[in-house]
Amino acid sequence: MMRWHLPDVAATDAVGNVLADTQPDRAIVFLHGDLGAGKSTLARAWLRALGVTGAIRSPTYTLVEHYPLGERGMALHLDLYRIAAPGELEFLALDDADVRLWLVEWPDRGGDALPKADLDVWLELDDDGRDIRLLAGSPTGQEWLDRIGQSPVCSAFLRPNDRKVPQPSDK
Ligand SMILES: Nc1ncnc2c1ncn2[C@@H]1O[C@H](COP(=O)(O)OP(=O)(O)OP(=O)(O)O)[C@@H](O)[C@H]1O
Ligand SMILES: [Mg+2]
């Protein structure tokens, strides 16, 4: 497990860059967290880092957006908040062999219709910023976490969030 405090959107973007740089050839990522926790912000930074230049819209109503990654296949960004039943996923024709990255917001609503995650990302409000936790869901995900741990960006830029920062009101 890795955990950091993200004081602002720039820090979220930095994590998105690291995740894009270190991800395996085929990665299934679940993005957990309440409304406004920063899931789409992270997904957008990640897709940009993979070279997506056009508009990156939240798949709030479409459930899924597809992004070509050139010769590296494609990425899928899902937001299942408004899915009526997991069975709806079958109609989206998602299990394409070309898919290199799945970014899934509100994955619990997909039930068993989703593949198993390599990485679970948990976001929550933390002061004015966000708290982020990364958990491996597969051996591939564990190797990935090891790579992330070696990233200089993580040690130089991100502040570990082992414990909650004391609040002025705690004094
Ligand atoms: N590290 C951060 N610090 C401060 N604000 C942030 C951070 N990351 C994201 N935000 C802000 O949080 C707001 C909501 O972000 P976002 O839309 O990514 O949430 P979400 O988790 O995708 O929500 P939803 O479940 O509704 O899709 C945005 O205004 C964004 O700028
Ligand atoms: Mg979102």
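Taken together, the values in this text are just the output of simple stated rules run on the coordinates, not laboratory data. Model, not experiment: these values are computed from the prediction. Here the Cβ is made from the backbone with ideal geometry for all residues, glycine too, and neighbour counts use every protein chain on show.
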Residue 109: passes all of (1) touching a residue at least 12 places away in the same chain (Cβ under 8 Å); (2) among the charged types (D, E, K, R); (3) in contact with a strand residue (DSSP E or B) (Cβ under 7 Å, 6 or more places away or on another chain); (4) over 24 Å from residue 158 (Cα atoms) but (3)
Quick count over the stretch 43-86, residues being within 12 Å of ligand 2 (Cβ to nearest atom) and in contact with a Pro (Cβ under 8 Å, 6 or more places away or on another chain), is 5
Here the residues within the stretch 24-38 that are under 17 Å from residue 127 (Cα atoms) and not hydrophobic (A, V, I, L, M, F, W, C) are 33, 34, 36, 38
Inside the stretch 14-42, the number of residues satisfying the requirement of being over 16 Å from residue 68 (Cβ atoms) and assigned to a helix (DSSP H, G or I) is 12
Looking across the stretch 8-27 at residues that are closer than 19 Å to residue 149 by Cβ and within 6 Å of ligand 1 (Cβ to nearest atom), the single one that is surrounded by the fewest Cβ atoms within 10 Å (Cβ to Cβ) is 11
Selection from the stretch 113-128 of residues closer than 17 Å to residue 32 by Cβ and either in contact with a strand residue (DSSP E or B) (Cβ under 7 Å, 6 or more places away or on another chain) or charged (D, E, K, R) (or both) yields 114, 115, 116, 117, 118, 119, 120, 121, 122, 123, 124, 126
By residue number, the members of the stretch 57-73 that are in a strand (DSSP E or B) and exposed (fewer than 14 other Cβ atoms within 10 Å of the Cβ) are 68
Filter the stretch 28-49 for residues that are under 26 Å from residue 97 (Cβ atoms) and surrounded by fewer than 19 Cβ atoms within 10 Å (Cβ to Cβ); the one that is nearest to ligand 1 (Cβ to nearest atom) is 48
Of the candidates 108, 112, the one satisfying the condition of being away from ligand 2 (no atom under 16 Å from the Cβ), of a type in the set (Asp, Glu), closer than 20 Å to residue 89 by Cβ and over 13 Å from the mean Cα position of the chain (by Cα) is 112
The condition from (1) under 29 Å from residue 127 (Cα atoms); (2) free of Cβ contacts under 8 Å to residues at least 60 places away in the same chain; (3) over 15 Å from the mean Cα position of the chain (by Cα) that residue 58 misses is numbered (3)
